[in-house]
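J.: Starting off with a structure, shown below.
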Amino acid sequence: MPKSDLADETKAETRPVGPVDLLIGISGAVSANDLRQHAEGLANSFREDAQAVRTVIAFPGNGEIEAAAHDAGTGTLRIMSYSLAASDPTGLPWMNAASAQRAVCSLAIDLDAKACVVLHADLGMLNAERLHLLTHPVAETQCDLVLPVYPSRKLDGLLNHSILAPLTRALYGHRVRYPLAQDLGCSPRMFQKVSQSAGIRERSEGALLWPSTLAAISAYQVCQVNVAVHHATQTEGLELSAALASLVGSVFAEMETHAPYWQRVRSSQPMASSGNIAQQISDGEPVDAKPLVDSFTLGSHNLQEVWGLVLPPVTLLELKKLARCAPESFRMPDELWARIVYDFALAYRLRTINRGHLMGALTPLYLGWVASYVQEVAARSPLAAEQRFEQLARAYEEAKPYLVSRWRWPDRFNP
């Protein structure tokens with residue numbers, strides 16, 4: 001059996017609780033009082049709707065299990081804490097969230113739950129209406145994994161929009177907007193799969209949880225729901241190179257593991273979607289692209305030798321031309337960016353250079369892409385910016401034969 005993220009003391013406490021209809025797991029630290037207030041509102045909603053839903057809300061905590069039963073009139077809602085077997089030493093928020101998501105899915109198995117949702121610790125999704133969005137596809141349409149589509153500003157989540165989402169889409173064929181979503185809904189066979197994923201790889205690089213990837217390689221159905229919830233950005237206060245190394249490095253590690261699968265995927269398919277599309281959030285102050293271009297240009301001068309180990313000559317030539325552009329006219333073509341990401345994925349696999357140094361060398365290239373995007377969408381509406389990401393995703397898909405060729409015959413492309 002794979003090792004579970006759920007601590008033994010939590011497993012012992014679950015025996016008298018299950019089975020339940022719905023497990024709601026909170027993936028981060030939260031005030032027990034705040035959680036109880038939300039739970040009372042949820043219980044009242046169940047009473048008003050005459051829903052007999054046996055529900056457990058679990059939050060991460062230490063010490064003895066705290067439990068409080070709330071009579072919802074038509075069922076019982078219980079709050080309990082769960083303990084993780086171990087915390088991630090890096091303290092990166094997405095690493096800790098991945099461990100919590102695995103633990104909640106393990107708890108869902110122990111409670112014999114009919115459905116499971118994992119929510120962000122800000123509790124923005126913890127009300128009856130939003131929970132319904134995550135659970136209804138599981139109950140009514142046999143969907144295995146439900147992922148949210150969040151409203152965002154034009155300049156929010158650029159690492160997701162420029163690499164994580166389009167790369168995942170091109171590789172595995174699911175047009176998932178947020179492959180590293182902070183909220184998700186799971187069917188029983190999906191939370192079984194998530195729990196089992198704890199034993200696939202050692203706790204090191206690539207230890208993140210990519211639910212949409214697990215669903216794709218298992219031929220499970222994935223659905224998306226539009227939610228009017230905006231979570232705080234997880235990368236605030238973190239060095240960009242550290243975020244790239246952890247997030248993009250994890251995607252590249254998944255590519256190695258699942259290469260036999262994604263090389264057979266020829267195109268992507270739209271996902272079933274529900275919920276009203278939330279209004280996009282207005283942007284704040286405009287971003288000055290010149291410092292971003294300057295970082296790219298400095299990297300072009302200082303990293304030519306490293307880039308030459310990773311990128312083919314034609315790409316290096318295009319980057320040299322970009323480095324000579326005036327900041328206001330700097331534009332990085334989508335096709336070039338997609339090939340760069342694919343080349344770095346191959347170098348990650350081949351360990352062409354130290355992986356830490358490799359992701360550091362990607363940083364000024366990423367900043368160059370951001371500079372290009374910022375200037376391109378500055379005068380566009382939020383909707384037009386959303387359409388711009390669709391254009392980029394198609395470029396990744398069109399460049400996928402390039403990735404497959406380089407992956408299978410890397411020596412053929414060596415400069």
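J.: Could you figure out which of (1) in contact with a Gly (Cβ under 8 Å, 6 or more places away or on another chain); (2) of a type outside the set (Gly, Ala, Ser); (3) in a loop (DSSP other than H, G, I, E, B) isn't true of LEU123?
T.: (1)
J.: Another one. Looking at segment 55-114 only, could you name the residues that are modelled with pLDDT of 80 or more, in a loop (DSSP other than H, G, I, E, B) and over 14 Å from ASP21 (Cα atoms)?
T.: SER83
J.: If I filter segment 300-313 for residues that are among the β-branched types (Val, Ile, Thr), out of contact with any Gly (no Cβ under 7 Å at 6 or more places or on another chain) and at pLDDT below 95, do I get at least one hit?
T.: No: zero hits.
J.: Of all residues in segment 228-242, how many are at pLDDT 85 or above and either small (Gly, Ala, Ser) or part of a loop (DSSP other than H, G, I, E, B) (or both)?
T.: Selection size over segment 228-242: 7.
J.: Checking PRO2 against (1) under 26 Å from the mean Cα position of the chain (by Cα); (2) modelled with pLDDT under 55; (3) buried (at least 21 other Cβ atoms within 10 Å of the Cβ), which test does it fail?
T.: PRO2 satisfies every listed condition except (3).
J.: Related question: Could you check how many residues of segment 337-375 are aliphatic (A, V, I, L, M), surrounded by fewer than 22 Cβ atoms within 10 Å (Cβ to Cβ), over 22 Å from the mean Cα position of the chain (by Cα) and within 23 Å of GLU390 (Cα to Cα)?
T.: Going through segment 337-375 one residue at a time, the tally reaches 1.
J.: Scan segment 340-359 and give yes if some residue there is touching a Phe, Trp or Tyr at 6+ places or on another chain (Cβ under 9 Å) and among the hydroxyl-bearing types (Ser, Thr, Tyr), otherwise no.
T.: yes
J.: Continuing with the same structure: Which residue pairs have Cβ atoms closer than 6 Å, lie 6 or more positions apart in sequence or on different chains, and pair a first residue in segment 115-134 that is surrounded by 20 or more Cβ atoms within 10 Å (Cβ to Cβ) with a second residue that is among the aromatic types (Phe, Trp, Tyr)?
T.: From residues that are surrounded by 20 or more Cβ atoms within 10 Å (Cβ to Cβ), the pairs are CYS116/PHE191.
J.: If you check LEU164, LEU155, which single one turns out to be closer than 25 Å to TYR261 by Cβ, outside any strand (DSSP E or B) and in the same structural domain as LEU208 (by TED's automatic domain parsing)?
T.: LEU164
J.: Follow-up. What residue, among those in segment 5-54 that are part of a loop (DSSP other than H, G, I, E, B) and among the basic types (Lys, Arg), is modelled with the lowest pLDDT?
T.: Checked segment 5-54; the qualifying residue modelled with the lowest pLDDT is ARG15.
J.: Looking for something of a type in the set (A, V, I, L, M), modelled with pLDDT of 95 or more and assigned by TED's automatic domain parsing to the domain that holds PRO313 - is there at least one such residue anywhere in segment 371-388?
T.: Among the residues of segment 371-388, at least one is of a type in the set (A, V, I, L, M), modelled with pLDDT of 95 or more and assigned by TED's automatic domain parsing to the domain that holds PRO313, which makes the answer yes.
J.: To continue, here is another question. Does SER152 meet the test of being more than 29 Å from ASN276 (Cβ to Cβ) and modelled with pLDDT under 90?
T.: Answer is no for this residue.
J.: Tell me which of these SER246 doesn't satisfy, since it passes every other one: (1) crowded, with 20+ Cβ neighbours inside 10 Å; (2) modelled with pLDDT of 95 or more.
T.: (2)
J.: Before we move on, is VAL293 within 19 Å of SER212 (Cβ to Cβ), at pLDDT 95 or above and either among the polar types (S, T, N, Q) or not in a loop (DSSP other than H, G, I, E, B) (or both)?
T.: no
J.: So is LEU208 in the same structural domain as SER99 (by TED's automatic domain parsing), modelled with pLDDT under 90 and crowded, with 17+ Cβ neighbours inside 10 Å or not?
T.: yes
J.: Any residue in segment 180-189 that is touching a Pro at 6+ places or on another chain (Cβ under 6 Å), closer than 22 Å to GLN221 by Cα and part of a loop (DSSP other than H, G, I, E, B)?
T.: Yes: one or more hits.
J.: Return only the number of the condition from (1) surrounded by 11 or more Cβ atoms within 10 Å (Cβ to Cβ); (2) at pLDDT 75 or above that PRO270 does not satisfy.
T.: Going through (1) surrounded by 11 or more Cβ atoms within 10 Å (Cβ to Cβ); (2) at pLDDT 75 or above one by one, PRO270 breaks only (1).
The values are calculated or read from the model by the stated rules, or taken from the named source; none is laboratory data. In this text, all values refer to a predicted model and were calculated from it rather than measured experimentally. So basically every Cβ, Gly included, is an ideal-geometry build from the backbone, and we count neighbours across all protein chains shown.
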